[in-house]
Amino acid sequence: MSTLGKILVIDDNPKLLEDALPMYGYDVKVASDGLMGLKLISEEYDPFDLIILDVVMPNLDGWETLRAIRENEKTKHIPIIMLTAVNEENKQVSGLKFGADDYITKPFILPNLLARIEALLRRSKWSIQKKHTSALPFVSSEPISPLTSREKEILTLVAKGASNADIADKLFVREVTVKTHLNSIYKKLNVDNRVQAVLLAIQTQIIDG
């Protein structure tokens, strides 16, 4: 089965990207730190088309991992997007200086990251076979019911990577209340989980991307 690209996510909290990117046609492998990431890169027979690299990680951080990738003749041309919670201009300049191709601050909005991935793959002459706006494979033919303003608010927070506990704290409600709202959202959108709900809601503009 052909894919839009083979992506390595090096991040100690990769679940959102690990779940979401395959739904857009990408083959994804994950590593929880830089050492594991470098090991995966060295073991793969087919090179990765792009690497998404977190800055703050245990064992080997993003800057050291980036340097190691760029110093290796076999991997130095792989496009790299850096992820960081640090929003400081000098840090971003340092990342680009060390060889990062792009830089995005967490918490990121998924469609923004998808656009950057596509742009980098295009720039590296990867052949894009279909657009990210193509129909999602899990979409049902059943009609979608309107979400309440609170449900949209919760789904927007989910899209930003917030956990149920985070949402409960922010909205001053119990965690069980958040779960009840999410179950209602899944039923209205005809989806099975939070990742599918976010992807469908963004694509249909139920929430902003």
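The values are calculated or read from the model by the stated rules, or taken from the named source; none is laboratory data. Everything quoted here is computed from the prediction, not taken from an experiment. Heads up, the Cβs are rebuilt from the backbone with ideal geometry, glycines too, and the neighbour counts pull from every protein chain shown. With ligands, DNA and RNA removed, areas are computed over all heavy atoms of the protein, side chains included. Shrake-Rupley method; radii C 1.70, N 1.55, O 1.52, S 1.80 Å.
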Margin query: I'd like the accessible area for TYR26: 1.4 Å probe, protein heavy atoms, all chains in place, Å² to the nearest 10.
Written below: 10
Note to self: If each DSSP helix of 4+ residues adds -39,500 (n - 2.57) and the sum is divided by the residues in the chain, what number results at 222 nm, nearest 500 deg cm²/dmol?
What the structure shows: -13500 deg cm²/dmol
Note to self: Run the Debye formula on the Cα coordinates of the chain, all scatterers equal and no solvent, and tell me log10 I(q)/I(0) at q = 0.13, 0.16 1/Å.
What the structure shows: -0.77, -1.08
Check: Ordered by packing density, taken as the mean number of other Cβ atoms within 10 Å over each peptide's residues, highest first, how do 5-15, 142-152 rank?
Finding: 5-15, 142-152
Item checked: Of LYS6/LYS160; LYS39/LYS170; LYS106/LYS187; LYS106/LYS179; LYS6/LYS187, those spanning more than 27 Å from alpha-carbon to alpha-carbon -> LYS39/LYS170; LYS106/LYS187; LYS6/LYS187
Check: So what is the accessible area of the chain per residue, in Å², with the probe set to 1.4 Å?
Finding: 55
Next item on the list: Order these peptides, 169-182, 194-207, by their mean beta-carbon neighbour count within 10 angstrom, highest first.
Entry: 194-207, 169-182
Next item on the list: Provide the gained length on full extension for the span GLN203 to LYS76, in nm with one decimal, where the gain is 0.36 nm per separating residue minus the Cα-Cα distance.
Entry: 42.3 nm
Item checked: Space enclosed by the convex hull of the alpha-carbon atoms of the stretch 1-60, per residue, Å³ -> 70
Check: Once the other residues with Cβ under 14 Å from the Cβ of SER42 are scored (Lys, Arg +1; Asp, Glu -1), what is the net sum?
Finding: -1
Check: Of all the accessible heavy-atom surface of the chain, with the other protein chains kept in place and a 1.4 Å probe, what percent is carbon and sulfur?
Finding: 50
